[in-house]
Amino acid sequence: MLSNQIAEIERAFEANTALQQTCRAATKQVIEVLREHLDRNTAITTLIHARANFTDHLLQLAWQHFMPADDDGIALVAVGGYGRGELHPCSDVDVLLLLAQENHHDYQEALSTLITFFWDIGLEIGHSTRTINECIDEATRDITIITNLIETRHLAGPKELLATLQRRIEPNEIWSSATFFEAKEEEQRLRHLKYHDAAYNLEPNVKEGPGGLRDLQMISWVTRRYFNSESLDALLTHQFLTSEEYDSLIKARNFLWRVRFVLHLHTKRSEERLLFNYQQHVAKAFGHLDESIKRAIEGFMKKYYIHIMEVSRLNEMLLQHFREEILSDHNSSPVAINERFQITDAYLEVTSDDVFEKHPPALLELFLILTQRVDIKGVRAATIRLVRSHRHLIDDDFRNNPECRENFITLLRQSHGITHQLRRMNRYGLLAKYIPAFGDIVGQMQHDMFHVYTVDEHTLNVLRNVRRFTVPAFRDEFPNCSKIILQLKKLELLYLGALFHDIAKGRGGDHSQLGKEDAYVFCQHHGLSEQDSNIVAWLVQSHLIMSVTAQRRDISAPDVIAEFAAIVKTQTRLDYLYLLTVADIRGTDPKLWNNWKDSLLFSLYNSTKQALRRGLDKQVDKSELVIDRQKEALALLTQHDHPQIDALWQQLDDDYFLRHSTDEIAWHSNEIINSNVTSTPLIAIHSDSEQGGTKIFIYASDEENLFANTAIALDQLNLDIIDARIITAKNGLTLNTYIVLEHDGHPITDTSRINNIITTLKRIIGRDELSALPTARRLTRRQKHFNNTATRLNFFSEPNSAITVMELITSDRPGLLSLIGKVFVECNVKVHNAKIGTFGEHVEDIFYISDKDDQPISDVNQIEALRESFFKALDNN
């Protein structure tokens, strides 16, 4: 394949002319030839070995040219991936300059010239210079170095140097098979932990992520160390793998190699991450040419996830094989559990190879036993293989078998290990077989910035989050959830709700409604009562409603609480829904969760709880609620005279007292009375640790630019507005309460930062004219990729209100709220309330608005003009 390029560099070295230019050009040509062969679907193994072979020739020719002839004191050795004879387009070429003695200086000039030559021709060379003794010393201390040294290959110089090194690093000299295995296993565990044990991250690392190439290399390293074999064929020879498993392993490796190869060619660097902005190109290279880019990417990524799941399965089984072979006490006797299962050396196994054939329900019984016996560390390799090879037994007859159904429901009623075993069931492919609808979401990607896991991974994360509420060690993490979950008598209903809440994703249609039907049928099929089946089905159908209500509705409004309570109906359903909602938001993307969302949801929970206690047929008397809040606020304002407070409160309508908490009313009143403000804007800032946000209170003249200028100022300060309430008093002043967060989702804590915010706000909102929009900031990498949400606006009227509700959906971007505020000013629209919601790449904001005379915006022409103004401002920016 690369014979022309090899011949070209050979001629250049022989003639000793234009070496740099020729070798640089040949190195570039190699990449282009490889690209052409990749497009022709040449076997990926051929491409990877071809680049390594060309590099061998180049290094050997350069060595002969630059290094002293016939010197037996130094050798050139390939290590690591290059030592295995594997080179991707932009992989580093790692070499060891192996010395017989500590005489580095004798070769310093020649080596410097050699390495400089490699850099000059564009070869990414990684090199170390060591004696044999230095190699041994460092390898003895460092698992990474011994791993590199067991993958060595002679390139140039005396072969005996490398042979001596290889003899001195054999398992009987340093790093026995047992210590090497344990160290590599721990290394893999820590690496997986770094990636949150999630192979199904939506931007996976092809090399380092769980199920990736490192997991395959892990198998190769242990095989090499234990069997002294350079080939994975040893796994077949020693019956660690069947021929089908071996073929599956090689197929997965070649797929991942091809993905990595395409990534390197596309990015022109050693890029190992399958980022969103590369996925379309890689999908196309794999033949996914769907007219919908999203479908093409999701189709390719599903194939990717299936391959890495297979790698994870084989990695687990093979490492268990090695564990039994290397570490186990071969004299230990099995301890019987029942006629089907026994424990050997703390690992579960079947009593005979035909257990599953004779008694298919044992396929689920195995996982049930693992939840019941905390002394069991895992499953023996031979049993893992038997489970995988008997998956075909899980058919309709199996699902209809009462014992199978009982095993599954009993598993969900255990107090230990449910999440671990459902993950294991998913890894072994049993969960998809037992619940076919779950099989449809395995590896199902959601190509957006909001979800960071595949649907099956997200589902199991939600289940894990729910389980953590029950564990005393995690009580401080979510104290409210940990307290509420103690009130539930049937935790399995919550687990089923978690398992089914997204099961209909990707089918088209309303996944909540479709999932509800699946959940109900499953529950009935598994012997749950009608009441319990209905709770699970309702949970699945309603799993988004609490999040939407808390984040997009004004939950200070009694009408909103009454409406939500009417949907929930009972305290039991409220408890289940609250717990599932918290677990779901955290399971979508851990970074999305913050104390503000926690406080919103718990506030909605408490308000709904009170409404349910009061009775759904009993409406809240708003005037009584206002009086109660005023009494409670007065109790907090003991340092002020009642006439002062009364004078202020007489300027405020009931709406103010309904939309603010007792603490907020007392805070506002205290700040206004203490400042005796007249014309200068009053600005006060308070970080609420319980609510998880920072409140900014602005008391100022009711200017038409006020909201827009405030948004511009806060944008300049790099603060995220998540809530805004604006009340106009009878004296022409407005009480504005903004809740903001830093970009990292935390409240403001630094005093100098607070002072800077106050100074900036006073400077900008004190102006009569609209401030200039802040300089546009660059979009993040992800925002650039997903910045394609078309702007949509919906308008609703609020019953018995002078307010119009405007829902705005558009692409998220820096400075968005400043743009929105500018449009409101230009269209003579007043903002009374705002709920700001960011969902990955797009926002879903709710604004409660009126015209400048505080009347609802109902005229069709005015609404269309407002709509057009937003389209022009947002879709052009």
Q | Entirely in the range 518-592, the helices (runs of 4 or more DSSP H) that have 1 or more residues that are surrounded by 20 or more Cβ atoms within 10 Å (Cβ to Cβ) and touching a residue at least 60 places away in the same chain (Cβ under 8 Å) | A | 545-552, 571-588
Q: Would you mention how many residues in the range 234-249 are surrounded by 14 or more Cβ atoms within 10 Å (Cβ to Cβ) and closer than 20 Å to Ile308 by Cβ?
A: 6
Q: Return a yes/no flag: does the range 616-624 have any residue that is at pLDDT below 95, of a type in the set (Ser, Thr, Tyr) and either in contact with a Lys or Arg (Cβ under 9 Å, 6 or more places away or on another chain) or farther than 30 Å from Val455 by Cβ (or both).
A: yes
Q) In the range 860-877, how many are surrounded by 11 or more Cβ atoms within 10 Å (Cβ to Cβ) and either of a type in the set (Lys, Arg) or more than 40 Å from the chain's Cα centre (by Cα) (or both)? A) 4
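A quick yes/no check of all residues on (1) assigned to a helix (DSSP H, G or I); (2) within 29 Å of the chain's Cα centre (by Cα):
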| site | (1), (2) |
| --- | --- |
| Phe118 | yes, no |
| Asp137 | yes, no |
| Leu155 | no, no |
| Lys184 | yes, yes |
| Leu190 | yes, yes |
| Lys207 | no, yes |
Q. Since Asn736 meets every condition but one in (1) farther than 25 Å from Asp853 by Cα; (2) under 38 Å from the mean Cα position of the chain (by Cα), which condition does it not meet?
A. (1)
**Q.** Ser687 vs. criteria under 20 Å from Ile721 (Cα atoms), touching a strand residue (DSSP E or B) at 6+ places or on another chain (Cβ under 9 Å) and in a strand (DSSP E or B)
**A.** yes
Q) What residue, of Thr759, Thr749, is farther than 23 Å from Val825 by Cα, free of Cβ contacts under 8 Å to residues at least 24 places away in the same chain, of a type in the set (Ser, Thr, Tyr) and surrounded by fewer than 17 Cβ atoms within 10 Å (Cβ to Cβ)? A) Thr759
Q: Select the helices (runs of 4 or more DSSP H) contained entirely in the range 345-461, then report the ones holding at least 2 residues which are hydroxyl-bearing (Ser, Thr, Tyr) and surrounded by 16 or more Cβ atoms within 10 Å (Cβ to Cβ).
A: 418-428
Q. Conditions: (1) assigned by TED's automatic domain parsing to the domain that holds His458; (2) not in a helix (DSSP H, G or I). Thr638 meets all but one. Number of the miss?
A. (1)
Q.
For the list (1) touching a strand residue (DSSP E or B) at 6+ places or on another chain (Cβ under 9 Å); (2) at pLDDT 90 or above; (3) in a helix (DSSP H, G or I), I need the number of the one condition that Arg51 fails.
A. (1)
Q) Out of all the residues in the range 660-676, which are surrounded by 20 or more Cβ atoms within 10 Å (Cβ to Cβ) and assigned to a helix (DSSP H, G or I)? A) Glu664, Ile665, Ala666, Trp667, His668, Ser669, Ile672
Q.
One residue is enough: does the range 612-634 have a residue meeting the conditions surrounded by 22 or more Cβ atoms within 10 Å (Cβ to Cβ) and under 16 Å from Asn480 (Cβ atoms)?
A. no
Q. For the range 44-51, does any single residue satisfy the condition of being farther than 30 Å from Asp215 by Cα and not assigned by TED's automatic domain parsing to the domain that holds Leu263?
A. no
Q.
Here is a check on your reading of the model: is Tyr304 part of a helix (DSSP H, G or I), surrounded by 18 or more Cβ atoms within 10 Å (Cβ to Cβ), aromatic (Phe, Trp, Tyr) and in contact with a Gly (Cβ under 8 Å, 6 or more places away or on another chain)?
A. yes
Q: Could you look through the range 266-285, keep only residues that are assigned to a helix (DSSP H, G or I) and buried (at least 20 other Cβ atoms within 10 Å of the Cβ), and pick out the one that is nearest to the chain's Cα centre (by Cα)?
A: Gln279
Q.
Please count how many residues of the range 835-859 are over 12 Å from Ser811 (Cα atoms) and either modelled with pLDDT under 90 or surrounded by 15 or more Cβ atoms within 10 Å (Cβ to Cβ) (or both).
A. 15
Q.
I'm checking my understanding of the structure. Among residues of the range 1-32 that are without any contact (Cβ under 8 Å) to a residue 40 or more places away in the chain, among the hydrophobic types (A, V, I, L, M, F, W, C) and surrounded by fewer than 20 Cβ atoms within 10 Å (Cβ to Cβ), which one is nearest to His65 (Cα to Cα)?
A. Ala15
Q: Specify which of the listed residues (Asp106, Asp56, Asp71, Asp94) is in a strand (DSSP E or B), in contact (Cβ under 8 Å) with a residue 24 or more places away in the chain, on the phi < 0 side of the Ramachandran plot and of a type in the set (Asp, Glu).
A: Asp94
Q. Which residue pairs have Cβ atoms closer than 6 Å, lie 6 or more positions apart in sequence or on different chains, and pair a first residue in the range 423-444 that is on the phi > 0 side of the Ramachandran plot and aromatic (Phe, Trp, Tyr) with a second residue that is outside any helix (DSSP H, G or I) and at pLDDT 95 or above?
A. none
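The values are calculated or read from the model by the stated rules, or taken from the named source; none is laboratory data. Bear in mind that the values here come from a model prediction, so they are computed numbers and not experimental data. Positions of Cβ are backbone-derived with ideal geometry, glycine not excepted, and every protein chain shown enters the neighbour counts.
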